[in-house]
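The values are calculated or read from the model by the stated rules, or taken from the named source; none is laboratory data. It should be emphasised that the depicted structure is a prediction, and the values quoted were computed from it without experimental measurement. Neighbour counts run over all protein chains shown; Cβ positions are idealised from the backbone, glycine included.
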Amino acid sequence: MHGPASSGWLLVALCAVTGVYCLVRMRSGGGEQRRGAGGEALMGFGMAVMAVPAAVFTPPSWAWPVYAAVFGAAGVHALWAARSGAHHLHHLVGAAAMVYMSVVMAGSPAHAHGRDASGIPLLTGALLLYFAGYVLLSGVRLVPVGALAGGGRTGGDAPGWGDRPELARACRLAMGIAMVAMLLTL
C-alpha cells in the first residue's frame, strides 16, 4: 500500500502504536468509550498489517478476502452502533475504506501489495477528501481551548493514560493521516 520501505515501516509503527494505545483505552474506560476504543484498535492493527512493506512480506491470496470480511463485519457493527452516536459513522467510513482497499488489492495482478493496484478513481478521491477533512478537523480539535484563550490547565488530578481525551484525539489524527497515506498509494 505504499512506496519506499522506510515510509512503510513508519506507517506500520504509527498504526501499531495507535492500536496498542487504543487497547489501553479499552481497559480504562467503560461502556461507549470501550466499544469505540475497540473499533479504533482493530483499525490501527489492521492498517499496520496492511502497510507492511511488500519486500518483507507479501500476503497470500486468501489474506485480502479475510481482511475484507473482518472489516466488513466491523462496518456492520459500526452501522449498528451509529444509532447511538455520530462518531460510529466515522468508524463505518474507515471500515468501508479498509474493505475497499482489500478488494482492490485482491483484484490487483498477482496481489501486488501496492504495485500496480488501482481502484475506482472517484471512490478513492472521495475517501481521500473525507479523510483529509477528518485529519484537518482532528488537528484543530487537538489545540487546547486554554491555549487559544491564553489560559492554562486548571486544577484536578491528572487523568490516567487511558482517560486522556487529547491522546485519544491524537490517535484518531494519526490513523486519519495513515489512511490518507494508504489511499494515496492505491
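The set of residues in the range 2-20 that are modelled with pLDDT of 90 or more, more than 19 Å from His90 (Cα to Cα) and crowded, with 19+ Cβ neighbours inside 10 Å comprises Leu11, Val12, Leu14. Aliphatic (A, V, I, L, M) and at pLDDT below 70: is that true of Ala95 in this structure? Considered against the rule, which asks whether it is aliphatic (A, V, I, L, M) and at pLDDT below 70, Ala95 comes out as no. Within the range 113-131, restricting attention to residues that are modelled with pLDDT of 95 or more and in contact with a Leu (Cβ under 9 Å, 6 or more places away or on another chain), the residue that is surrounded by the fewest Cβ atoms within 10 Å (Cβ to Cβ) is Leu128. Count of the range 60-89 residues, restricted to those that are crowded, with 18+ Cβ neighbours inside 10 Å, touching a helix residue (DSSP H, G or I) at 6+ places or on another chain (Cβ under 7 Å) and not aromatic (Phe, Trp, Tyr), is 6.
When residues in the range 22-55 are screened for being modelled with pLDDT under 90, of a type outside the set (A, V, I, L, M), surrounded by fewer than 21 Cβ atoms within 10 Å (Cβ to Cβ) and part of a helix (DSSP H, G or I), 7 of them pass. Of all residues in the range 56-78, those being assigned to a helix (DSSP H, G or I) and more than 20 Å from the chain's Cα centre (by Cα) number 0.
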